[in-house]
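Shown next, in structure tokens, is the structure this report addresses.
The values are calculated or read from the model by the stated rules, or taken from the named source; none is laboratory data. Predicted model only: the values in this text are computed from it and were never measured. So basically every Cβ, Gly included, is an ideal-geometry build from the backbone, and we count neighbours across all protein chains shown.
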Amino acid sequence: MTTIFGNPGSTELTFLEDFPEDFRYVLALQEASALGMATGYAQGTGNAALVNLHTAPGLGNAMGALVTAWHNRTPLVVTAGQQDRRHINLEPLLTGRLVELARPYAKRSYEPRRPQEVPSEILRAYHTAMQPPRGPVFVSVPMDDWNAECETPPSHEVSHRVAPDPAAIERAAEVLRGAHSPAIVVGPGVARSRSFDEVVALAERIKAPVWQEGIVALAGFPQGHPLFMGFLPLAQKGVSETLAPHDAVLVLGSAVFPYYPYVPGEVVREGTEVVQITDDPEEAARAPLGRSIFGDVALAAAALAELLPEADRPALPAREEPPEPEAAAPMSVDYVMWQIARALPEDAVVADESTSSKVVLHRYVKTNDPVGYHTSAAGGLGFCMPASVGLKLAMPERPVVCVIGDGSAMYSIQSLWTAARNGLAIPTIVINNRGYTILKSYRNALGISDSVPGLDVPGIDLVQVARGLGADGEAVERPEDLEGALGRALEAEGPYLVDVAVDTSVPKFAR
């Protein structure tokens, strides 16, 4: 870990003194943005990223982003400066209850008992963050510890892969061999284990249709593949209805199943066998039925493919592509997403926080590799704009594009400053419906009246804000101007924000 994301304070100055030439410090203008950038960087590199925050206020600012990293199973080593040990018992200004603050959303939260423990504790934090299920680890370091003499800890390597139980894999193979119509549900664990090839080979071998779970924090299957059927709903009734034709369901790298609105129904129809393979033991423990196997998804998929015969089933019918949307004013979200899909390079990496427009984005924008799509698994806002900065730093050779709602953009728009200062060419496309439309959609689904306040957000000039932070940009209101604006954003040498005004009608909430 030689890239550090942070926003420094007085308790971090001793850590940053004599900063080594072979390290890189990425300055964010707010701690949540720093942690969001680190999350994107870790997801792009596949390795833990290092974050340095400013005692309790800084950690507090970053807590929402830490929740996202926790739910995204992103490996992070998060540090913060604690007050000087020599008078901490007097609780001077900036003394913080850091360990307690971070603990609910960290795999381990700890403050070394003496300065000499700091190096080994950082090493332990790294291995803990990388061990499945991956996630953030927090270390509080009193500011005077960095000036203490200590020994370099001995080299310590840890294997982070966990092989699934061979006997359990054999039982799973028996279920699939006996199924007349098996299906596969994939989740972010497939992308985390970089097991696209193994899962594709398995699906092709048994000729099973494949669905992605509904949150879609990371893509679990190539979305242009003939076996890919789309995305499951986020409610029990919708999931059970979608999977009803199948007598066996293999769940790879996902919970059984992610839900959001309460729409009661069966988990699956009676008689359908569910086999879950996950890198998260808690995910396995809370599964409501079936059998669960803990272990590396790539190893499990490869082992199942070896145990299963080539299926003799007819090919699935080709999915119909959506028609070309109408170019009307105001622009529909469909038209904007269709134009984005046409403009994106094939190897583009998309950071998505389009929220109320997410279902439409998935209709047109498809990814075919495990690091091609990123969103928050926690459901909060403010992740994808800083994440796109981290992703671009991790993968400078690939185009990284942020697609975001206008409400979401205001949570971490200061990330544009970091992108500009680092010369990062990141197009940010704002789907601007002048409000929190996802809440209006959910309000309507719950049958709540339109008397709820605080759902409209008019009067923000996002292009001017972007320019004030060192980025360029333009606003688009007419469909004939959109293609050119997207082209300019993709060709820009720095961050470029395109603020696209869309129809403000409230879509039906997807269940």
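Just one residue in the set 81, 60 is outside the structural domain of residue 353 (by TED's automatic domain parsing), in a strand (DSSP E or B) and among the small types (Gly, Ala, Ser); that residue is 81. Scanning the stretch 8-47 for residues that are closer than 17 Å to residue 68 by Cβ and in a loop (DSSP other than H, G, I, E, B) yields a total of 2.
Scanning the stretch 467-511 for residues that are crowded, with 22+ Cβ neighbours inside 10 Å, of a type in the set (Gly, Ala, Ser) and in contact with a helix residue (DSSP H, G or I) (Cβ under 8 Å, 6 or more places away or on another chain) yields 471, 473.
When the stretch 342-385 is filtered for residues that are within 21 Å of residue 497 (Cβ to Cβ) and of a type in the set (Val, Ile, Thr), the ones remaining, listed by number, are 349, 350, 355, 360, 365, 375. Taking the listed residues 369, 347, 352, 312, the one that is assigned to a strand (DSSP E or B) and not assigned by TED's automatic domain parsing to the domain that holds residue 197 is 352, with no other qualifying.
Is it the case that the stretch 81-92 has a residue that's under 22 Å from residue 188 (Cβ atoms) and buried (at least 19 other Cβ atoms within 10 Å of the Cβ)? Scanning the stretch 81-92, I find no residue that is under 22 Å from residue 188 (Cβ atoms) and buried (at least 19 other Cβ atoms within 10 Å of the Cβ), so the answer is no. Could you say whether any residue in the stretch 301-312 is in contact with a strand residue (DSSP E or B) (Cβ under 6 Å, 6 or more places away or on another chain), within 16 Å of residue 252 (Cβ to Cβ) and of a type outside the set (Lys, Arg)? Among the residues of the stretch 301-312, not one is in contact with a strand residue (DSSP E or B) (Cβ under 6 Å, 6 or more places away or on another chain), within 16 Å of residue 252 (Cβ to Cβ) and of a type outside the set (Lys, Arg), which makes the answer no. I need the full set of residues from the stretch 243-257 which are surrounded by 20 or more Cβ atoms within 10 Å (Cβ to Cβ) and either outside the structural domain of residue 200 (by TED's automatic domain parsing) or on the phi < 0 side of the Ramachandran plot (or both), in order please. Across the stretch 243-257, the qualifying residues are 243, 246, 248, 249, 250, 251, 252, 254, 255, 256, 257.
If you take the residues of the stretch 218-242 that are in contact with a strand residue (DSSP E or B) (Cβ under 9 Å, 6 or more places away or on another chain), assigned to a loop (DSSP other than H, G, I, E, B) and of a type outside the set (Phe, Trp, Tyr), which of them is surrounded by the most Cβ atoms within 10 Å (Cβ to Cβ)? Ranking the qualifying residues of the stretch 218-242, first place goes to 220. Within the group 272, 278, 242, which residue is more than 22 Å from residue 174 (Cα to Cα), touching a residue at least 12 places away in the same chain (Cβ under 8 Å) and among the hydroxyl-bearing types (Ser, Thr, Tyr)? Among 272, 278, 242, only 242 is more than 22 Å from residue 174 (Cα to Cα), touching a residue at least 12 places away in the same chain (Cβ under 8 Å) and among the hydroxyl-bearing types (Ser, Thr, Tyr). Screening residue 262 against (1) over 17 Å from residue 189 (Cα atoms); (2) touching a residue at least 60 places away in the same chain (Cβ under 8 Å) leaves a single unmet condition, (2). Filtering the stretch 84-116 to residues that are part of a loop (DSSP other than H, G, I, E, B) and polar (S, T, N, Q) leaves only 95. Considering the conditions (1) over 21 Å from the mean Cα position of the chain (by Cα); (2) farther than 18 Å from residue 414 by Cβ; (3) not β-branched (Val, Ile, Thr), residue 72 is excluded by exactly one of them, (1). All of (1) part of a loop (DSSP other than H, G, I, E, B); (2) farther than 28 Å from residue 267 by Cα; (3) touching a residue at least 40 places away in the same chain (Cβ under 8 Å) hold for residue 215 with one exception: (2). When the stretch 157-197 is filtered for residues that are surrounded by 24 or more Cβ atoms within 10 Å (Cβ to Cβ), out of contact with any helix residue (DSSP H, G or I) (no Cβ under 7 Å at 6 or more places or on another chain) and of a type in the set (A, V, I, L, M, F, W, C), the ones remaining, listed by number, are 185, 191. The sole residue among 25, 41 that is at pLDDT 95 or above and under 21 Å from residue 107 (Cα atoms) is 41. Out of all the residues in the stretch 461-511, which are among the β-branched types (Val, Ile, Thr) and within 19 Å of residue 426 (Cβ to Cβ)? Those that are among the β-branched types (Val, Ile, Thr) and within 19 Å of residue 426 (Cβ to Cβ): 463, 465, 476, 498, 500.
Residues in the stretch 420-466 that are surrounded by 16 or more Cβ atoms within 10 Å (Cβ to Cβ) and among the charged types (D, E, K, R) were compared, and the one that is farthest from residue 361 (Cα to Cα) is 443. Any idea which residue in the stretch 141-158 is nearest to the chain's Cα centre (by Cα), counting only those that are of a type in the set (A, V, I, L, M) and within 14 Å of residue 55 (Cα to Cα)? Residue satisfying both the conditions and the ranking: 141.
Residues of the stretch 135-165 that are of a type outside the set (Val, Ile, Thr) and under 20 Å from residue 280 (Cα atoms): 135, 136, 138, 159, 160, 161, 163, 164, 165. Of the residues making up the stretch 402-447, those that are of a type in the set (Phe, Trp, Tyr) and either assigned to a helix (DSSP H, G or I) or within 18 Å of residue 349 (Cβ to Cβ) (or both) are 417, 442. Only one entry of 256, 251 meets the criterion of being closer than 26 Å to residue 359 by Cα and not in a loop (DSSP other than H, G, I, E, B), and that entry is 251.
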